[in-house]
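A short write-up of the structure that comes next.
The values are calculated or read from the model by the stated rules, or taken from the named source; none is laboratory data. Bear in mind that the values here come from a model prediction, so they are computed numbers and not experimental data. So basically every Cβ, Gly included, is an ideal-geometry build from the backbone, and we count neighbours across all protein chains shown. Remember, those area values only see protein heavy atoms, side chains included, never the ligands or the DNA or RNA. Shrake-Rupley method; radii C 1.70, N 1.55, O 1.52, S 1.80 Å.
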Amino acid sequence: MAGVHGHGDPGLQPERTSLAWSRTSLALVVASAMFLRWLPTHGWYAVSLVFSALALAIVINSTQRCRYGRGSATIRQEAGRASVGAVLALAVAVVALSAVGIVAVLVLPVP
């Protein structure tokens, strides 16, 4: 029998996956808040990092409902595939954000 959320998974896999994406989004918001500390020294560069991290968090949150629906559907159909594209896109974005942060610390001159 399907549960309240439209799937019969006793382990609640779609809920756990959704929580993991939410934690990732929250971590990006925290990282953007930490980038705010660089405003006095790096100015516009820090602002671009803040907005990039926040934009990524917003994209993750705005696509949550779709990912959850797909997760529930794959359990009902008993034929699911991992969303490699979403995970790869997130990994590339976080690595790029980290690289830009490293450049800010090691390369940019501090006034």
Taking the simple approach of a point 7 Å from Cα along Cα-to-Cβ for both Asn61 and Val87, what is their distance in nm?
2.5
Apportionment of accessible area to carbon and sulfur, the stretch 32-111, percent (1.4 Å):
72
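Probe of 1.4 angstrom, ligands and nucleic acids ignored: what's the accessible area per residue over the stretch 23-77, in square angstrom?
Working: 3440 Å² over 55 residues.
It amounts to 63 Å² per residue over the stretch 23-77.
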